[in-house]
Each structure stands twice: as C-alpha cells, then as structure tokens.
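Here the structure is laid out as structure tokens; the discussion comes afterwards.
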Amino acid sequence: MRVSENWLREWINPSVDTQQLADLLTMAGLEVDGVEPAAGKFSGVVVAKVLEVEAHPDAKKLQVCKVDDGKGEISNVICGASNVRKDLKVAFAKVGATLPNNFKIEAKELRGVESFGMLCSASELGLAESSEGIMELSDDLELGTDVYNNFALDDQIIDIDLTPNRSDCLSMQGIAREVSALLDQSLENDFKVDSVKNSIDSTFPVSIHAADACPRYVGRVIENVSGTVQSPLWMQEKLRRAGVRAINAITDITNFVMLEIGQPMHAFDLDKLNAGIEIRMAKSSEKLELLDGQEIELSDDELVIADAKQPIALAGIMGGLASAIQSDTKNIFLESAHFKPEVIAGKARRRGLHTDSSHRFERGVDPDLASKAIERATQLILEIVGGKAGPIICEEPTSLPKPSQITLAHSKVESLLGITTSIEEVKMLLQRLNCEVSVDGENLVVTPPNYRFDLALDVDLIEEVARLVGYKNIPADVKALAVNTTSTSDDKSQLNLLKEALVLRDYHEVITFSFVDQEIDELLNPQHEGKRLANPISNDLAVMRGSVWSGLIKAAQYNLNRQQSRIRIFEQGLQFINTAEGLQQNPCLAGLIIGSTVPEQWGTSGREIDFFDLKGDVEQLLKISALSQDQISFERTDDASLHPGQSANIILDEKFVGRLGKLHPRIQSALGIDASIYLFELQLNELLSRVDANIFQPISKYPANRRDITLIVENSVSVAEIRSNIEQMHINSLQNIKVLSIYKGKGIPETKKSVSLGLILQEFSRTLTDKELEQTVLSIISQLKNKVGAEIRS
C-alpha cells in the first residue's frame, strides 16, 4: 500500500515527522518497506499560457510558441510536442529553472530560432515514467503559479507491506484510523457523505442469483455524462502517488474512491448492456474478454456480473471490454458490491491476474462501504463529468455478515502480556479501535467494527491491546524454564547420518517448492499423471511434484545460468503420486551432481563426473544405513527419464527402493541444459524401516590377505551379478570384493569381457593358511563358473 503523507495528513495530522510516522506504523505491525519522495526536486517551473503557435521555419516536427508566464513577459519557446496548441495552459520551465537530476534550463538556438525555456511533460518533471506530449494544466490555474508548490510535490510516499489479515488498512481511511488509534488522536476527516438526490427516475434491473457469494449489490444509473473529460490534476496526482495510472475521469473516480475508503467499484457503459444486471455463477465454457484484452473461458465456480446476453465482468476482479467506458460514453451504470472473500480468493491467480479489486475482495471488504462508496462516486462524477443521477438500486437477498461478540477476561490480558492495567484502561484502548465495549464483572464484552475481519478471538483483542500499549512498553521478563529432554527416533537419527554423509562428500542441502511446472513433471514422471492444484500460485507451480528431481533440476538450472559449473546438491522431501486410492506421499532423499569431481584448483586437473561417481555416493549412503551388500543390488532400468545405458534401479530384498543415473539426453535438450546431469532418488520409507542396528566390530589383529582373479564372462553379465553370487556363499573370511578392471578388446572374444577382482580375506581369531586361502579362491571360481559361466583368464 503506497500512502501519500500529504493525503494522509488531510485525514489526520499528527505532530510527528515522516520518519517517526513510519516507525510508529512499523512497530504497530504495519511494516514500512521504504519512504521515497513523491517527485524529483525541481524549481523555476510555473503555470503559463500558450498565446501563439507557428511552424518552425526549418524543422517540420518543431513549433515556435509564444508563452505568457503571467509576469508580463512573453517568451519565445520551441516545442516538439504534438499536443501543444493556442490557449493551452502548460508547465513552463523558464531560463534558469532546474529540473530533476539537476538539469539546468538555458537559452538555446535551434536551427536559427532562439528558445527561452521549455514546455514540460510529466516525465520531465519526474511525475511519470513516460508521457506523450506536454502536461495540460487546468484552465482555472492562475498564471505564474509555481507548479512544484501548487501540486504539493514536497510529499513523501510511505510504502507499507500489509499482512493479509489487515485488509481494513488498504485505504487512506484505514491507515488514518490506524494512526488515530495508535496516537489517540481524532480524525480531521470523519468521512460523512451526504446522499445525492436523484434528478431522474432512470433505473436498471438487478437480480442476484448467487446470494451466498454476493449478499449486497448497489447500483445507480447516471445519464448524460461526458466521456471525453479528463480527471483533474489533483486527482491524477493522488492516483499516481498511490501507484495507479490515470485512464479517464469516470474510471479514475472509481479508483480514487477505492483508495480513499477501500471499496472497489466499477462503471459500465449503460448503452452497451442488455435488459438488466445478473449476479450469477458462470456457465462452464462461457467466454469473456477482459479489459486487458485477454479472452478467458469461464468455469462454473467463478462469479460473474452478466447482462441478459452474456457475462460482462469477472466479479471482484476485472470488468469486460465490451461494456468498458469509452470517450463516446454518455450513460453509465455504477456498481458497488460486497463479495464474499472465499468466492473471489484464488480466481485472479488462476487467470494470471492481480488487480487492486481482487487484492481487496480476497482479503475482505467492509459490507457497509458499498452504499457510502456509490454516494461518494456519484458526487465526484456529477462534479467532474456532469450528468444526472437516478435513484440508488440496492439488492440484499441475504443478511450481511456481522461481527460476533467476544468475551475477554481481564486477567488473561495481564497474564499474557505481563503488564498491570485496569479493566477501564483496556476498555478505552479497544474503544480507540471503534469496538463496542461493555464491562461484565471481570470480563469485557467486545463487538469489533465490521471492517476488522481479523478480530474473532480473545487473543486477537489482546494483541490489539499490546499494539496500542506499544511493544516497547511491555517488559521483557525472562523466566526459568524446565528443560525437557526428548529422545530422537531411530529413523530421524539415521536420516541425519545420511545427510551428514552427503555434506561430507561436498553436497549442499537445498529446499525447493513442492509445486512444480507441469511440463517438467511430465518429462520426469511420464508414468504418473501429476496432481494439479485448484488455485496455483502461478502457471509454473501448477502440479504437486512426482519426483524431488524437479526442484533439484530447477535449482541446478538457476546456478548454471550464473556461471556455477560444479554443482552437488541434495534434498529430503516428499514426492506426490496420484493413485486411484488418492494422493500418495512418499518421503525421499534425492541428489544431483554436475561438473568436475573436484573443485577447480592447482593441485589436480580433475575430470568430469560419471555414473560411477554417483553410484559410489549412493553406495556410501547404503553402507551408512547398515545394509549388507548381499541385501542390495543395482539392476538395469527402462526408466524413461534416465539414460538407458547409464542408469539403474536400486533393489532391496527384491523390492524397489530407489533409482540413479544420468538424465536422459532428450529431457536435457528439452530443458536447454548443456551439462551432463546425474541424479539419485532413495525411498526413505523402505530404507529406514529396514535399517539394522549398527554394531561395533573390532579391527582384526590378524593379517589380511589379498588374492586377485581375472574372469572372462559374457557381456550381459554385470559386475553386480558376479559380486552377488560371491556374497551368497557367505564366506566368513571374505571381508571385501574390489573391482580392479573391466576390459574389452584385443585378446577377448567380441561377445565377452574381462573382469578383474581383488578378494580381501581375513579372520578375526587366527591367521589364514595358504591352503585355506587357495581353497576359498577355488570355491569362488567354481561358484562363478556354475552361476554365470565364468572362465579364468590365462
């Protein structure tokens, strides 16, 4: 919420400066993000009148103007703006004037004609980011008036970051009420609007078919308005300082009233409406072209304003283009309604929209404002664009929401805040918020005002007391607390060990969104249809992730785009699988690596990572999980998201517990990533539920013996299969199996390969004899010959 300090001081003028006011709001929970000037500093710019306009003798796009600054001096000024004309009042920067950014105005000669000054546009004075043509000032401004002072540009914009529960502060009236309560100072503008009597009897039929969504709808016909009139500069300036662009007088007035008191409004071109207004739920597949030119297909859960023929507005969000106010508009239908927040919530985001109207209605708007707003808007419309107003049409098919009474125990206030205060003092504090308060013994019975939707419980009222007392005035009382020790579950301890192992292997833990882009989810999980969100934050966060990889790849892309070529990250989180039984949530531990095996350094050149680097990391995690090698196997996989020659499923006791491999080149290309990506994903439910206790085992004091064997096997036989067959023999003295080399080529049949293994043999109670070693090796060779057809390479 951008708040003009000058405008705020029209409502309440406290004896504090800008910074003190900002600090006051921040400490009361209305956090001020920043304070900035309303306009760049300039001087020497006055209101002047163009007396004559002639074409420049030597430049087609330039014109020579005679300008009267009201001081009896006629200046010759060259101007290139297309809207300059005789009798126009303009902002004239005289010779010697200083514009924003310290730009000095000097007399200059342009193609043989002297120019003494400059006719300014809004952007040149720092009043707009861009502008077409020079500023056109109101005819009632006196010549010679200083522009900077006349428009009160010595103003500060206070940017307040409001929390969603404080929708009552989304207006000047709301912020003024807040300052009034904090300083216990009366408002200078209590906003009492006189009713505008109708001068014509014209009405327009209104019918509400969705009473639960729209319990109040107020409308009014105003005829014979002028669609060509621009809103006065004072109004345009107030809109600009609030961050709202001026469009046309009627639209500007509805926006002004919204900023002033907090009620969003809309004006329809009455002559473009058919038969009457209907407030109803949309029919599935109905079409509506919005004011921004976007044509949308409506859903049956969206509330619309329609006429007898078609929808004309998306209720509480944006009007339709077909009934928009144009320069030829003569008659209008003015709308001011109350929509339930839950009906509007999320509907704008669904369409990729965020409007001032939806921002307010989603959070809640005071239902009593609708009638006040239409009276205020009518006053301004008749004053600025003329016309004749008909009677107010007010439809209220159901009772409006009313705040419920809250019982507040005085003792609870003192107990929670740690302060001593009388029940009368608490009553006075709450009355400053416009609450109705009565005392019932040691309790307060409180009815909040209609606009405070956030006050529903006694603790809400206690928070308000704390804000008004001032957090700095509440004593800090540190009390001794008993320390309760809790045991950590085995699963949690085991998970922490896995994470620590990854960190020690140079991984960094990340946390990513559980919501992902549907496109990347379909690429990584083509076998499962993603669970779509009903109201996604944005289109690229539209489905629940079917794999933790989605977020890891997104994070990797972000880092690659910022020249980070070596990436090692992991995440522990949920994957969401949409099944016939419902949404299945599986806890996973996933990782991703890209780039070199070691960081860039002088000591070693390093090399690019490969599948076996990733497999080594995963094997270390499985080892920490106290799973024996004969329980785990790596099997070829046909996973569509992974490279068919560099991927595997992880099997634990014949059950799938994870996958790893290189990202499929097709997906890598679709995502526009050049670097090779290697990923793993472990199912924690399966792993942690089977974890055996880590048992301490002493180091043997007897020597270890190594025996190397080289086998010839078929290409289809994997090293994992060889290892598994050896482990199935349960040889107590066999402590480790090392893969020394895999060779294909000269001297080896084309359909076969050579595999060299190092067998580490050791006993814990004695030294192995040569005969025992030889018998063990021969038994292993015999097992492999029978199981995988292995031969000893000579």
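The values are calculated or read from the model by the stated rules, or taken from the named source; none is laboratory data. Because the structure is a prediction, the values reported are computed rather than measured. Cβ coordinates were reconstructed from backbone atoms using ideal geometry, including for glycine residues, and neighbour counts include every protein chain displayed. Note: accessible area is taken over every heavy atom of the protein model, side chains too, but ligands, DNA and RNA are not part of it. Shrake-Rupley method; radii C 1.70, N 1.55, O 1.52, S 1.80 Å.
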Using the Karplus curve 6.51 cos²θ - 1.76 cosθ + 1.60 with θ = phi - 60°, what ³J(HN,Hα) values do you get for each residue of segment 126-138, in whole Hz, with x for Gly and Pro?
x, 9, 7, 6, 8, 7, 10, x, 7, 5, 9, 8, 5
Which order do the peptides 170-183, 119-132 take when ranked by the mean count of other beta-carbon atoms within 10 Å per residue, highest first?
170-183, 119-132
For the chain, find the longest principal axis of its Cα atoms and tell me its angle to the long axis of helix 18-27, 0 to 90°, nearest 10.
50 degrees
With both partners inside the chain, how many of the DSSP beta bridges are antiparallel, as a percent to the nearest 5?
95 percent
Calculated from the structure, mean projected area of the Cα convex hull in nm² equals which of (i) 53.1; (ii) 36.8; (iii) 48.1?
(i)
As a test, work out the antiparallel percent of DSSP beta bridges whose residues both lie in segment 1-140, rounded to the nearest 5.
100 percent
Determine the per residue accessible area of segment 540-582 with all protein chains present and a 1.4 angstrom probe, expressed in square angstrom.
43 Å²
Name the shape class, rounded, prolate or oblate, that the alpha-carbon gyration tensor gives for segment 365-412, where a ≥ b ≥ c are the square roots of its eigenvalues, rounded holds for a/c under 1.5, and otherwise prolate holds if a/b is larger than b/c and oblate otherwise.
oblate
Distance between Cα centroids, segment 668-690 to segment 5-80: provide it in whole Å.
58 Å
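Subtract the Cα-Cα distance of Lys104 and Ala675 from 0.36 nm times their separation in residues, and report this length gain in nm to one decimal.
Result for the pair: 200.2 nm of gain on full extension.
Could you state the accessible area per residue of segment 292-425 in Å², with a 1.4 Å probe and every protein chain left in place? Each step should come with its number before you reach the end.
On the way: 5510 Å² over 134 residues.
On a per-residue basis, 41 Å².
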Roughly how much of Asp155 is accessible, in Å² to the nearest 10, using a 1.4 Å probe?
0 Å²
Expected sort for 1-14, 575-588 on mean C-beta neighbours within 10 Å, highest first, is 1-14, 575-588
Whole-percent carbon and sulfur share, accessible surface of segment 101-146, 1.4 Å
42 percent
Return the loop-located chymotrypsin sites (Phe, Trp or Tyr not before Pro) in segment 611-670 (DSSP other than H, G, I, E, B) with at most 14 other Cβ atoms within 10 Å of their own Cβ; answer none if there are none.
none
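Work out how much length Ser754 to Asp613 would gain on full extension: take 0.36 nm times their residue separation and subtract the Cα-Cα distance, in nm to one decimal.
Contour length minus Cα-Cα distance gives 48.6 nm.
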Below 8 Å between Cα atoms, with a sequence gap of 6+, how large is the relative contact order for segment 184-324 in percent?
19 percent
From the cross-link list Lys66/Lys108; Lys340/Lys372; Lys283/Lys347; Lys41/Lys94; Lys238/Lys272; Lys499/Lys623, the entries with a Cα-Cα span beyond 20 Å are Lys238/Lys272
Assign one of three labels to segment 300-406, namely rounded, prolate or oblate, based on the Cα gyration tensor with a ≥ b ≥ c the square roots of its eigenvalues; rounded applies when a/c is under 1.5, prolate when it is not and a/b is larger than b/c, and oblate otherwise.
oblate
Run the accessible area of segment 339-433 with a 1.4 Å probe and give the carbon-and-sulfur part as a rounded percent.
47 percent
In terms of Cα to Cα distance under 12 Å, which aspartates and glutamates are near enough to Lys197, apart from those fewer than 8 places away along the same chain?
Glu375
Within segment 586-670, DSSP-loop GluC sites (Glu not before Pro) with at most 16 other C-beta atoms within 10 Å are Glu600, Glu654
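Suppose every K and R has +1 on its Cβ and every D and E has -1 on its Cβ; what is the size of the dipole of the chain about the Cα centre, in Debye to the nearest 20?
With Lys and Arg at +1 and Asp and Glu at -1, about 2820 debye.
Please work out the average accessible area per residue across segment 1-128, using the 1.4 Å probe convention, and give it in Å².
50 Å²
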Using only the Cα atoms of segment 25-147, build the gyration tensor, take square roots of its eigenvalues as a ≥ b ≥ c, and label the shape rounded, prolate or oblate: rounded if a/c is under 1.5, else prolate if a/b is larger than b/c, else oblate.
prolate
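Counting only protein heavy atoms, what percent of the accessible surface of segment 160-207 is carbon or sulfur at a 1.4 Å probe?
Carbon-and-sulfur percentage of accessible area, whole number: 41.
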